[in-house]
There are 4 protein chains.
Amino acid sequence: MAEPTNPPPPFDPALDTIDQLRAVGREFHGRGWSLGTSSNYSVVASRAPLELTITVSGKDKSILERDDFVRVDAAGVPCDGSGRKSSAETLLHCLVAQLVPSVGAVLHTHSVWSTILSRADWARGAVRIEGYEMLKGLDGIVTHDTCEEVPIFANAQAMPELAARIRARFLAADWSDPKRPPFHGFLLSGHGLYTWGRDLAEARRQIEIHEFLFEVVARTRSFPAGAVATALTDQPQSGQGATGQGAPVRPALSIDRAQQTSQRQQQ
Amino acid sequence: MAEPTNPPPPFDPALDTIDQLRAVGREFHGRGWSLGTSSNYSVVASRAPLELTITVSGKDKSILERDDFVRVDAAGVPCDGSGRKSSAETLLHCLVAQLVPSVGAVLHTHSVWSTILSRADWARGAVRIEGYEMLKGLDGIVTHDTCEEVPIFANAQAMPELAARIRARFLAADWSDPKRPPFHGFLLSGHGLYTWGRDLAEARRQIEIHEFLFEVVARTRSFPAGAVATALTDQPQSGQGATGQGAPVRPALSIDRAQQTSQRQQQ
Amino acid sequence: MAEPTNPPPPFDPALDTIDQLRAVGREFHGRGWSLGTSSNYSVVASRAPLELTITVSGKDKSILERDDFVRVDAAGVPCDGSGRKSSAETLLHCLVAQLVPSVGAVLHTHSVWSTILSRADWARGAVRIEGYEMLKGLDGIVTHDTCEEVPIFANAQAMPELAARIRARFLAADWSDPKRPPFHGFLLSGHGLYTWGRDLAEARRQIEIHEFLFEVVARTRSFPAGAVATALTDQPQSGQGATGQGAPVRPALSIDRAQQTSQRQQQ
Amino acid sequence: MAEPTNPPPPFDPALDTIDQLRAVGREFHGRGWSLGTSSNYSVVASRAPLELTITVSGKDKSILERDDFVRVDAAGVPCDGSGRKSSAETLLHCLVAQLVPSVGAVLHTHSVWSTILSRADWARGAVRIEGYEMLKGLDGIVTHDTCEEVPIFANAQAMPELAARIRARFLAADWSDPKRPPFHGFLLSGHGLYTWGRDLAEARRQIEIHEFLFEVVARTRSFPAGAVATALTDQPQSGQGATGQGAPVRPALSIDRAQQTSQRQQQ
């Protein structure tokens, strides 16, 4: 798997940024997240004015060349005189970069699991991910004991209309905690995932985390009813005990009974 | 994964075409689509008269040598004097190349998901794929809001009879829209997928797209009943609004209610 | 994936055989079929007397060294004076090589799907695989319209007893057709697969074919009831027509009706 | 896949240990067990006093650098003056190294299957794995005819409290058989797996074995009810016969009836 070995500083449009984006393309194609000519990737090339370097429309992401990128302005209009055309979805990259000032890179992918969940949960408006340690891989989350709702938007080919819906959802969310964004990505139904990061390395990591969690959530649903614990409410209260004596946590089970007995004998 | 870095022009039987076919073999074996000695690949070597360069029968696709190919005429008969034998399925490659004049390459693969779906949906005659953005990876499709029916033919060892059935299906289909073919591949039940493209790169991409969609469709079916949204009819009318105010789309859900409230407050 | 580029002639104990076995180990570990120190691989080093070169017991198959092999006689006893110890299952390799005179290599693997199916179908004594084109990848099978029953034996640690049961099953089977063996491998319940070939390349290919078919069979079972066609009896009679006119095969479906109508109009 | 070619002796803090840990990181990331910045790996650098070399907190395991490790004492406090910070979970690594004196390496991973099973079976306190040959890949297990109960602990962010619960479970278990530990790893619910070994190679192998078994157990559960044999009690008594005559084992099935008949005819 091709990996950037020197993740770029955000907002740096230098030569190696391009090569890192190409490496992301090869990696994501290999992992099944950017097949065909799907997906687009961008980095913030400038903040004042806002400009993005983004993949050219219709390219196979596994074999991106150095000139398969174009610089666009805040409205998604090419501004580097190259005559290259970016994807229609460029507008969504610009939108994310505008709405979240810390963003240095935006990645959009089409995986099997995000496609499946984005359809399966479309009617309820979000994929709910709750109680997993891996959630701590998302920016600002410091405990598994949290719930992430990844918004799902109905897919559309009309980008301004879709962008407006997404913009409204961002504006409606609670961004008051600078350390804990209300969500870290969003889904287009039957289409794929958008996520972002302060730089390309962080955005790539957030793709990875979302994909892991989507796979866990989706595979768990294929289990027959009753096979999966639904409540997480029986968890231990922290501070209840630090030496093991006061620790027993769950309803007494066979292996716990042995444990409790043994502990009593030791006391 | 081995990838052709310079996809060949269609109809060019030059040396590198062979190496690109070998690279496809290594790649498809690695991705589980051409195991054992299954699969055959061809490129159109000449249009007048029609001749194909096709894999020799019974070769392990992961280690194709330069002489594991043979040139055949429109009837599938070897015409290069090499004495090499092509697969019995050569006739199907010739058929596709004859029926679709733009075709430059035909690929036939045996994947797990195409095998499963080609049996599961055989009784209804086609795998139905509807509403996915990835459909846009198929030639001429410009919106997710479409339905692709991938025809399934009962498998057979008697190629002339099978070819006749396939030919009839092609002739019965509506090819009047030069930009939107009625289908982009077909399945043989319990056997595998045929697809094609103007050149090898496009055919390879169409394999990838079909495989992705088959996996999504098949995995979705393993979900318990009711877990997957069935209707896509509630999607937003495009042009309904471009600034977010008029955009709300789905039946009001919790996250949308917050959004609508917030929007009202902003107005 | 490491692949032997020059598959060895059977019965050749030359240096490169060892390197090819090492390559098989790296490949099979990478594909998840030989994890931990599981699996053993052997080639027939001599037929008169029967001697095998087999992997030494307890080695990680992903990093086999040149001295991780030992030569054993027909009873599985080391005969090369190296003092190396082969697996307890050596006896099963010897058994297969004795019972099937054409065998040049025996491979034993532990995959997820073979483990699952060998337990799921243990009570019925065999995994039944029927109607798949990929069956033609098994030695001597020339049509998909066949049924392979892969025998399952209850697992055991006592090799002589297990070998006796396997031997009895081989002797009871019908080997009268030199081109179509009654089976091409067998399973130990909750344990894994044994298969073989005239040389290492063929044995490796038969592993690949069995694994593909096991995955197809197992994944198909996870589908909800009714989703998979059960009968293959409606297949077209070959020779029924070769030009398309007489070809319609299945009960008339929507896409076939269109086809028939269109054909009538063309006639 | 990157693999250590010279597994290190345990307790050797030499330079190459670091490179082997980096190789494990690349490998485990590629296999989906250490995504994002999840996972931590340690080796015992010294036994008197106990000191561990462990991964620095928050690093991407696919691109570990030589200075992404820190030496900690038995309380998990950094003791190499580097100023580097280890993960909060360092305490669990120290705990395992203290409780099991033979331990030379501890590995903690976050895979899809361990996450799923650790939630699905949390209410019963352990994942039960029974009757699989692959269990012999775990240290000291010499027959498939055994049952491994992998303990599951409720996840927590308060490490001292969690460590106390784990410690109590270790102390309550029966470690009297020096060859057969009561368990070989444990799960944190919705979080991941901890396992260990005498050296890094053994710990890596125990990760691999646990992961294989988790996948088998979890996939088997997705099968419809009744598809999987539940009893293993019908297995052959060893020593019952070594030549095949006395071997019949399972309730007579069709393929066995043929076998028995054939055997009688041969006698």
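The values are calculated or read from the model by the stated rules, or taken from the named source; none is laboratory data. Worth saying up front: this structure is predicted, and the values here are computed from it rather than measured. Because the Cβ atoms are built from the backbone with ideal geometry, glycine has one as well, and the counts that use them run over all protein chains shown. In case anyone asks, the SASA skips ligands and DNA or RNA and just uses the protein heavy atoms, side chains included. Shrake-Rupley method; radii C 1.70, N 1.55, O 1.52, S 1.80 Å.
Note on C:SER57 and D:ASP16: their simple-model spin labels are 2.7 nm apart, each label 7 Å out from Cα toward Cβ.
Return the average number of partner chain Cβ atoms within 10 angstrom of each residue Cβ along peptide A:68-80. Show your work: numbers first, answer last.
Values: counts 0, 0, 0, 0, 0, 0, 0, 0, 0, 0, 0, 0, 0.
Taking the mean over all residues of the peptide, I get 0.
Per-residue surface analysis assigns C:TRP196 an accessible area of about 20 Å², computed on protein heavy atoms at 1.4 Å probe radius.
For segment A:17-133, the convex hull drawn through the C-alpha positions has a volume of 132 cubic angstrom per residue. Would you tally the net charge around A:PRO101, using a Cβ to Cβ cut-off of less than 12 Å, leaving A:PRO101 out, and scoring K and R as +1, D and E as -1? Combined, the nearby Lys, Arg, Asp and Glu give +2.
How about segment B:98-183: which trypsin sites (Lys or Arg not before Pro) there are in a DSSP loop, with at most 16 other Cβ atoms within 10 Å of their Cβ? Could you put the intermediate results ahead of the total?
Working: sites: B:ARG119, B:ARG124, B:ARG128, B:LYS136, B:ARG165, B:ARG167, B:ARG169, B:LYS179; in loops: B:LYS179.
Taking segment B:98-183 and a limit of 16 other Cβ atoms within 10 Å, the loop trypsin sites (Lys or Arg not before Pro) found are B:LYS179.
Excluding residues on the same chain fewer than 8 positions from B:LYS59, give the lysines whose Cα lies under 22 Å from its Cα. Qualifying lysines at Cα under 22 Å: B:LYS85, C:LYS136, C:LYS179. Note on D:ARG124 and D:VAL100: their simple-model spin labels are 2.3 nm apart, each label 7 Å out from Cα toward Cβ.
Charges only on Cβ, +1 for Lys and Arg, -1 for Asp and Glu: so what's the dipole of segment A:35-186 about the Cα centre, in debye to the nearest 20? Spell out each step's value before the answer.
Working: 16 positive and 18 negative charges, 44 e Å.
Approximately 220 debye in magnitude.
Summing Lys and Arg as +1 and Asp and Glu as -1 over all other residues whose Cβ lies under 9 Å from the Cβ of C:PRO78 gives a net charge of +1.
Normalise the Cα radius of gyration of segment C:63-112 by 2.2 N^0.38 Å (N = residues in it) and let me know the number. Don't jump to the answer; show the numbers that get you there.
On the way: Rg = 11.9 Å, N = 50, 2.2 N^0.38 = 9.7 Å.
Ratio of Cα Rg to 2.2 N^0.38 Å: 1.23.
Per-residue shielding of A:51-60, expressed as the average number of other chain Cβ atoms within 10 Å of the residue Cβ, stands at 1.
Placing pseudo-labels 7 Å out from each Cα toward the beta carbon at A:TRP175 and B:ALA158 gives an inter-label distance of 6.9 nm.
Using per-residue counts of other Cβ atoms within 10 Å, averaged over each peptide, order B:205-212, D:94-101 from highest down. Let's see the in-between values first.
Numbers: B:205-212: 25.0, D:94-101: 18.6.
Order by mean packing, descending: B:205-212, D:94-101.
When only alpha carbons are used to place a centre, segment B:166-205 and segment A:19-68 end up 29 Å from one another. Mean per-residue shielding of peptide D:212-223 is 6, counting Cβ atoms of other chains within 10 Å of each Cβ. The Cβ shell under 11 Å around A:HIS184 holds other residues with a net charge of -2, Lys and Arg each +1, Asp and Glu each -1. Projected over all directions and averaged, the alpha-carbon convex hull of segment D:119-224 occupies 7.3 nm².
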